[in-house]
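Below is one structure, written out as C-alpha cells; comments come after it.
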Amino acid sequence: MEQDYQGLEIIADFINTYDRRMRYEGDPGTECWVVPEDLKHWLQNIHYIAGEEPVSESDLALARKLRAALRNAIELNPHDRGPDVDVEPLEKVAREFKYAIRLEDNGDKLEPLHQGGKQGLGHVLALVYEMRRKGLWRRIRVCLAPDCQWVFIDRSRPGTGKWCLMSACGNRAKNRAYRERSRVSRS
C-alpha cells in the first residue's frame with residue numbers, strides 16, 4: 001500500500017508545481033515550470049526521462065494542460081462533490097498520448113510510445129490510470145481551505161480528509177466555525 005501512496009505523491013507533486021496557496025490577497029500562485037528545463041529537471045528527478053532526453057516548449061504546454069486537467073478531476077472527486085464527475089478535460093488530454101501494454105510477471109503496465117518530455121508525461125498519465133484502476137484515486141484531495149488549495153494524499157483510515165494539514169488549515173477552519181457558532185449564540 002505504501003508504494004501506491006508513493007504513486008499518489010508523484011501525482012500530487014506534479015499538480016503542486018503550480019502552487020495556488022495564497023500568500024497575500026489576490027496572489028495568483030507560483031508557477032514552478034517557467035521554461036522547458038524546469039519540467040525536464042522535474043521529470044529527471046522522478047526518473048521518468050533520462051538526462052539526455054529533450055523537453056520542448058510543446059512538452060511544457062502539454063504538461064500544464066495535463067496538470068490543470070488532473071487538478072480539475074480531483075476537485076470533482078465524488079467523495080467531496082457528489083457522484084457527477086466530469087473527466088472530459090482529462091480524457092481530452094489523454095487522447096494526445098499513445099501507449100503499448102507491457103506484459104510483466106509482477107503486473108502489466110502501460111508504456112508511453114513517445115520520446116523526451118512527452119514520454120515522461122506519458123508515465124505520469126499512466127500512473128494516474130494505475131491509481132484509478134486500483135481505486136486509490138479517491139485518496140488524492142485538494143485542501144478545502146480557500147487560501148491553500150494544496151493537493152495532498154488522504155491517508156486517514158476512513159478516507160475523509162479535508163485539509164492538507166490539520167494543524168494548519170484544519171485548525172483555522174475549526175476555529176473559524178467555533179467563532180461563528182459563538183457569535184450566533186450570543187446574538
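The values are calculated or read from the model by the stated rules, or taken from the named source; none is laboratory data. Computed from a prediction, not measured in an experiment: that's the story for all the values here. Using ideal geometry, Cβ is built from the backbone for each residue, glycine included, and neighbour counts are taken over all protein chains shown. Keep in mind that these areas ignore ligands, DNA and RNA; they rest on the heavy atoms of the full protein, side chains included. Shrake-Rupley method; radii C 1.70, N 1.55, O 1.52, S 1.80 Å.
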Open item on the list: Need one word for the chain: rounded, prolate or oblate. Basis is the Cα gyration tensor (sqrt eigenvalues a ≥ b ≥ c); a/c below 1.5 gives rounded, then a/b vs b/c decides.
Closed with: prolate
Open item on the list: Sort MET22, MET131, MET166 by heavy-atom solvent-accessible area, probe 1.4 angstrom, most to least.
Closed with: MET166, MET22, MET131
Task: Amide H contacts under 5 Å for TRP150, placed H, 5+ residues apart - done: CYS143
- [ ] May I have the convex hull volume per residue, in Å³, for the Cα set of the range 96-137?
- [x] 71
Task: Value of [θ]222 nm, deg cm²/dmol, for the chain, DSSP H segments ≥ 4, -39500 (n - 2.57) each, nearest 500 - done: -15000 deg cm²/dmol
- [ ] Give the cross-link partners of LYS118 among the aspartates and glutamates, using a straight C-alpha distance below 19 Å as the criterion and excluding same-chain residues fewer than 8 apart.
- [x] ASP13, GLU37, ASP38, GLU52, GLU53, GLU57, ASP59, GLU91, GLU96, GLU130
Task: Given charges at beta-carbon only (K, R positive; D, E negative), |dipole| of the chain in Debye - done: 1300
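In the structure shown, do any of LYS40/LYS174; LYS92/LYS174; LYS40/LYS92; LYS98/LYS162 have a Cα-Cα gap over 30 Å, and if so which?
LYS40/LYS174; LYS92/LYS174; LYS98/LYS162
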Task: Diffusion coefficient, µm² s⁻¹, Stokes-Einstein with Kirkwood Rh over alpha-carbon pairs of the range 31-74 at 20 °C and 1.002 mPa s - done: 197
TODO: Using the 4.7 Å Cβ rule, please list in number order the cysteines from the chain without any candidate partner.
DONE: CYS32, CYS169
TODO: Over the range 106-166, calculate the relative contact order: mean separation of alpha carbon pairs under 8 Å at least 6 apart, over the residue count, as a percent.
DONE: 21
- [ ] Could you give the size of the charge dipole of the range 1-58 about its Cα centre, using +1 on the Cβ of each K and R and -1 on the Cβ of each D and E, expressed in debye and rounded to the nearest 20?
- [x] 140
- [ ] Round to the nearest 10 and give me the degree value, 0 to 90, for the angle of helix 116-133's Cα axis relative to the longest principal axis of the chain.
- [x] 60
- [ ] Answer with one residue from SER58, TYR18, LEU39: the one whose Cα lies farthest towards the positive end of the charge dipole of the range 17-62, charges on Cβ with Lys, Arg +1 and Asp, Glu -1.
- [x] TYR18
Task: Crossing angle, helix 57-75 versus the chain [Cα axis fit, 0-90 degrees, rounded to tens] - done: 40
- [ ] For the chain, calculate the relative contact order in percent as a whole number, restricting contacts to Cα pairs under 8 Å that are 6 or more residues apart.
- [x] 22
- [ ] Could you state the angle between the C-alpha long axis of helix 2-15 and the longest principal axis of the C-alpha atoms of the chain, as a value from 0 to 90 degrees rounded to the nearest 10?
- [x] 80
